[in-house]
Amino acid sequence: FPTRRSSDLDERVLSLDFLNVILESELFQGLVRERINQNAQPNIGKDNIEKILMPIPPLEEQKAIVEVVNTLFAEVKQLESLTKERIELKDSFVVSELNRLTKAENIQEEWNFLQEHFSSFFTKKKNIKSLRETILQLAVQGKLTESWRANNPNIEPASELLKRIEYEKQQLIAEKKIKKEKPYDPIEPDGSLLAIPKIWGYNYIRDISSVVTCGMASTPTYTETGRMFLSAKNVKPFTFKPENHKFVSEETYQKIIKNSKPEKGDLLLTRVGAGIGEACVIDQDLDFAFYVSLTLIKPMEGINSHYMLYWLSSQDGIAKVLDNIYGRGVSQGNLNVNQVRQFVIPIPPLEEQKAIVEKVNSLMVLCDELEQQIETSQTQIEQLMQSCLKEVFQQESN
């Protein structure tokens, strides 16, 4: 094709539809970017645009090119629409299968079906997030450990564990290490509670914890150095992140921890802000005070901290959080510590709690691997596209 400057063109040699194709092409856009990059300021003037050389085929061929481009674009649009519909159908199917999994009496068949199709079902991080949520829900329903219970028929029921916890709490009260509290109403199984295995039990979070409390109610005077002071920003789902913190004086620190010193193995639950209900286990030996935006939970001996974390992070636990947020609409709301104390949690025997944590951890590793495959696949696709585009435009310039 001959080339001409844009300033030399008129309607006798150039179709406006073809001009639109040229202007939207990567070739023209690349030439514009080159001229922008040559300027000290990121802009391009009229003179620069007029000097750009463009390939100009005969007028009839311009019309033919426009017709082909329009036809191809229509096909691409139709393909995009069909692809979107298929993706939406697949996403709906995945959600439906995961819901069936949580409701199934025997999950093995459903689980085997999902495992056979992992590579096709879980190609998006959104679906893997749903898979993680389902795993946690199955865990706190006892469905992940059905085989474990079958292989351990003589395991002590949770009722015995709960009796020991109650006795130990009474001992702490007698020793004046914790205060005696008014008992809650007996838990009556109803439709609001999860269906659980026979050897499991239910209890209030307060009654299986030595402490459930929030941090300092008023904003302290911060210091340049001193004791660590943490807030809701230091807790992310399943992750304790104490690195970015402020400092308070020794006096303030001692005042805050007088009745509730956080320790390794305790749980922190966010109670204000955008991430209300996010929880983690303290996995480091650190001395720190904490703000009112966090609730500290100290499980009694016999309650696995990670099992409690998995319940708090499950669909059941999150539903409890959402049902008890105060002030939503006026602000982001807050989760009152008294409400947290009254959350009813399903309690497996201690050995089964450990088995659940082990099973969940192994399945979360699988989810991590699936996410990594997605990232690797996307990176490879992007690299391939960049390579192809580079080759095409190098040929064009030659």
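The values are calculated or read from the model by the stated rules, or taken from the named source; none is laboratory data. Just so it is clear, the structure is predicted and the values come from calculations on it, not from any experiment. All Cβ positions, glycine included, derive from the backbone under ideal geometry; neighbour counts span all protein chains shown. Calculation scope for accessible area: heavy atoms of the full protein, side chains included, ligands and nucleic acids excluded. Shrake-Rupley method; radii C 1.70, N 1.55, O 1.52, S 1.80 Å.
Odds and ends about this structure:
- Surrounding net charge for H245, when Lys and Arg each add one and Asp and Glu each subtract one, Cβ distance under 11 Å: +3
- Compared with the alpha-carbon gap, the fully stretched path from A274 to Y326 is longer by 17.4 nm at 0.36 nm per residue.
- Accessible-area rank, largest first, for E166, E80: E80, E166, with all protein chains present and a 1.4 angstrom probe.
- Accessible-area rank, largest first, for S25, S362: S362, S25, with all protein chains present and a 1.4 angstrom probe.
- Two-site FRET efficiency, L79 against E369, from Cβ-Cβ distance with R₀ of 41 Å, rounded to 0.05: 0.85
- Summed residue charge, Cβ within 11 Å of P220's Cβ, Lys/Arg positive, Asp/Glu negative: +2
- Cut-off under 5 Å, modelled amide H: who pairs with S210 long-range: K298, M300
- Label positions at T376 and K182, each projected 7 Å from the Cα along the C-beta direction, are separated by 5.9 nm.
- The H on the amide N of N203, modeled in the peptide plane, is under 5 Å from the matching H of I345, I347, each at least 5 residues off or on a different chain.
- Length added when fully stretched, D190-K51, from 0.36 nm per residue minus Cα-Cα: 42.2 nm
- Taking each residue as 0.36 nm, the span from N70 to K258 lengthens on full extension beyond its C-alpha to C-alpha distance by 60.3 nm.
- Near I178, once Lys and Arg are set to +1 and Asp and Glu to -1 for all other residues with Cβ below 10 Å from its Cβ, the sum equals +4.
- Compactness relative to 2.2 N^0.38 Å, alpha carbon Rg of region 201-301: 1.04
- For the cross-link pairs K258/K298; K198/K320; K125/K236, the ones whose C-alpha atoms lie over 20 Å apart are K198/K320.
- Estimated vicinal HN-Hα couplings, Hz - region 291-298 in sequence order (Karplus 6.51, -1.76, 1.60; Gly, Pro = x): 8, 5, 6, 10, 10, 9, 10, 10
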